[in-house]
Amino acid sequence: MIKKHIICPEQLRRIPEHFSWIDHRLIRDDYVRRCQTEELALYLFLVTVGDAEGLSFYSDSSLCKQLSIDLMTLRQARQALIHIGLIAYEKPLYQVLDLGRKSLSWEAIPPAKDEKPEDSDDSSQWNQKPSACHPQVRTGTSLQIGEIITQIKRRLET
């Protein structure tokens, strides 16, 4: 068993006043495998901006701009998240739902298709050991939420 210790105490994560979390059941209960990248991006955004009850309100145009997606993609992503019981929606109000209860249609939803990227993204970076206080993942460039989710999915597949 691995003995854990703080690697970089000067950058120890603290819980900020405005805090949100991602429930581990999102992975453990196969939600990530069953969702498309745009659906995960929308879910991550809603989890991040939601209040203590998981409530938030954003217009479709704001969400499209924030996620760099078109209106049809947003609507499809929203409907998919509603269908599997991750969110509830009453325009303009969103609610991120508890993961303790899967929707009735959960078993009928197959995992998302495995898509092999055409680009030359080298996933070997995930296998390299970063230095203690300067993780290799931090490149100084900003990424769209969709790109982050894609990288996470690739990492989980290996």
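The values are calculated or read from the model by the stated rules, or taken from the named source; none is laboratory data. Keep in mind it's a predicted model, so treat the numbers as computed, not measured. Note: ideal-geometry Cβ built from the backbone for every residue, glycine included; neighbour counts use all protein chains shown.
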Pairs needed: first member in the stretch 91-109, over 15 Å from Y31 (Cβ atoms); second member anywhere, modelled with pLDDT of 75 or more and part of a helix (DSSP H, G or I); C-beta distance under 6 Å; at least 6 residues apart or different chains. Y94/L46
Subset of the stretch 23-64 (residues that are part of a helix (DSSP H, G or I), exposed (fewer than 14 other Cβ atoms within 10 Å of the Cβ) and modelled with pLDDT under 95): R25, I27, R28
Quick one: is L74 at pLDDT 90 or above, of a type outside the set (F, W, Y), more than 14 Å from I145 (Cα to Cα) and surrounded by 11 or more Cβ atoms within 10 Å (Cβ to Cβ)? no
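Pick out the one residue from E39, E17, E90 that is of a type in the set (D, E, K, R) and within 12 Å of the chain's Cα centre (by Cα).
The match here is E39.
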